[in-house]
Amino acid sequence: MAGSDKINITPPRWLLAELTYACPLQCPYCSNPLDYAKHSSELSTEDWKRVLLQARKMGAVQLGLSGGEPLVRRDLSELVRHARELGYYSNLITSGYGLTEERIVELKQAGLDHIQVSIQASTQELNDHIAGTVSYEHKREVAHLVKKHGYPMVLCVVIHRENIHQMQQILEMAEELGADYLELANTQYYGWAHANRDLLLPTREQFEQAEAIAQAYKEKVAGKMKIYYVVPDYYEDRPKACMNGWGTTFLTIAPDGVALPCHSARELPGLDCPNVNDYSIEEIWNESKAFNFFRGFDWMKEPCRSCDEKEKDFGGCRCQAYLLTGDMYNTDPVCSKSPNRYVVQEAIDSAKSASLAPGEKPLIFRNSKNSRDFA
Ligand code: FES
């Protein structure tokens, strides 16, 4: 563990517990690592309880329970109960697949605060195609049950070229399901989404048209349903402040116990991400090489180093810089000040020409067989 004595380290606020990589769905935009199948071990219930306790002691208040599909874990309610006792605000991030009324009641009694259900499209045919699993009707039922049991209805739809034409219908579906919040999350191109980018990235015209529809709907349902539209950063000219700055706020624990400053960090070379089986959360957060790697500004190259916006966007996303330029120290190439901005334009052009030749290359669905091919 390498120490850092010159940077003011703030405590983690958000703990994302990726309980498992197992998932009954096969979404081709999943942010899990392509080679997740080789990380098949999972922390035990007692390990997770220890992690929750240690992170809470450091100041974490928000807990995300995700995966894979967190419902696969039979000890989910036990972990939720533990989180409640520790004083977390807990949020289940689920596909809804396999969620029954009985389980919703059990989770409610355990103290779960919030459930976010994802749905893939506004029609059964497209939803089931993208999910790789027949799940549309069940997801709709789950949405009703979530509402029935007094949870705010939070619906998440990941947007990409296969479903962006349904924007109006997706909004109508969310309203009909009684959603209090609708997150329209344009795909971020990491993991499986990066592998499928040519087939998932919409054109600028498609994106602008969809955004206009969403904005108009936002006004129509103001006060009734809140709509969050997460913009696709390939069409921005400044990068996102990824993770609110490296090692400042977010702590992710992968199913096998590897602690990550962001969900994609295990793909970055030389970080030696530590495991909660070997170190305490305090040691990991304060002293590990991985969490100190991009803290502060000293690691930056130009143009970030002398940029007057560096305290706002922290140079953008390290994983995106690595994926797109091969050098994780580079400015996120989404930034128009980056000398590598052209790689984003190349990606947009490549996706556009792929869209002219539909069916030439099939989507790679996220499942263990395909994952083993990437291992
Ligand atoms: Fe890793 Fe942005 S996803 S730094």
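What to note about this one:
- If you look at the Cα atoms of the stretch 44-85, you get an Rg and a Dmax of 10.1, 28 Å.
- Classification of the stretch 172-215 by its C-alpha gyration tensor yields an oblate form. The axis ratio a/c (a ≥ b ≥ c) is 1.5 or more, and b/c is at least a/b.
- Multiplying the residue separation of Asp308 and Lys6 by 0.36 nm and subtracting their alpha-carbon distance yields 106.6 nm.
- Take the Cα of Lys289, step 7 Å toward its Cβ, do the same at Val105, and the gap between the two points is 5.2 nm.
- Using distinct alpha-carbon pairs, which all enter the 1/r mean, Kirkwood radius of the stretch 241-307 in Å: 12.5 Å
- The listed peptides 302-308, 245-251, 122-128, ordered by packing as a protection proxy, come out as 245-251, 122-128, 302-308 (highest mean of other Cβ atoms within 10 Å first).
- Full-extension gain in nm, Asn244 to His149, via 0.36 nm per residue minus C-alpha separation: 30.9 nm
- Distance-filtered residues of the stretch 80-113 - backbone nitrogen under 19 Å, label point 7 angstrom along Glu141 Cα→Cβ: 94-108
- Rounded to the nearest 20 debye, dipole of the chain from Cβ charges on Lys, Arg, Asp, Glu: 380 debye
- Other-chain or far-sequence residues with amide H under 5 Å of Met153's (modelled H): Asp180, Tyr181
- Taking all Cα pairs closer than 8 Å and separated by 6 or more residues, the relative contact order of the chain comes to 22 percent.
- Over 26 Å between alpha carbons, listed pairs Lys6/Lys49; Lys148/Lys218; Lys240/Lys352; Lys289/Lys312; Lys147/Lys226; Lys226/Lys337: Lys6/Lys49; Lys226/Lys337
- Kirkwood hydrodynamic radius of the chain, Cα pairs, Å: 21.5 Å
- Pairwise centroid distance, computed over Cα atoms, of the stretch 241-286 with the stretch 300-375, Å: 21 Å
- A Stokes-Einstein calculation at 25 °C with viscosity 0.890 mPa s, built on the Kirkwood radius of the stretch 1-54 over Cα pairs, returns a diffusion coefficient of 168 µm²/s.
- Net charge of neighbours whose Cβ lies under 10 Å from the Cβ of Lys226, counting Lys and Arg as +1 and Asp and Glu as -1: 0
- For the chain, the 222 nm mean residue ellipticity estimated from helices alone, with every DSSP H stretch of n ≥ 4 adding -39500 (n - 2.57) and the total spread over all residues, rounds to -10500 deg cm²/dmol.
- The calculated FRET efficiency for Asp237 paired with Tyr181, based on their beta-carbon distance and R0 = 25 Å, is about 0.35.
Any read-out appearing in this document is the output of simple, stated calculations on the displayed coordinates, not a laboratory observation. All values derive from a computational prediction rather than experimental measurement. Note that we place each Cβ from the backbone using ideal geometry, even for glycine, and neighbour counts take in every protein chain shown.
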